[in-house]
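Engineer: Sharing a structure below in structure tokens format, with a few things to ask.
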Amino acid sequence: MTDRIDLGLKDTNAGCACCATSASTEAPAATSTAVTEDVFVAGMTCSHCVASVTEELTAIDGVENVTVDLNAGGMSRVTIHSAAPIDSDAVKAAVEEAGYTVAGSPA
């Protein structure tokens, strides 16, 4: 069958990277995140652990986003995205408040 059905899922005027046409003259949206910091956290084993650490870290002033690469039972990489550097004592305190331990940062 060679007939194609348009499902209407692509908006070429949306402006996002996946739908924008190559002739778009709009500059990509700038992100305010200027600093990315990785720390290793020990003791996380599940999505609840990830949610607890994420909640505590995003409560710190200046933190815009947190991503976690969970390594259940090992050292999980937690990436903190912020507009400015975040005090390491504040990060440690937030992780400990969630019930876990900062194990260090990558070299």
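Engineer: With charges set only on the Cβ (+1 for Lys and Arg, -1 for Asp and Glu), what does the dipole of segment 35-104 come to about its Cα centre, in debye to the nearest 20?
Structural biologist: Here the size comes out at about 260 debye.
Engineer: In whole Hz, what ³J(HN,Hα) sequence does segment 62-75 give by Karplus (6.51, -1.76, 1.60; θ = phi - 60°), x for Gly and Pro?
Structural biologist: With the stated coefficients, segment 62-75 comes to x, 6, 9, 7, 9, 10, 10, 9, 5, 10, 3, x, x, 8 Hz.
Since every read-out is calculated from the coordinates, none of them should be taken as a lab result. Quick caveat, the model's predicted, so the values are computed rather than measured. As a convention, Cβ positions derive from the backbone with ideal geometry for all residues, glycine included, and neighbour counts pool all protein chains shown.
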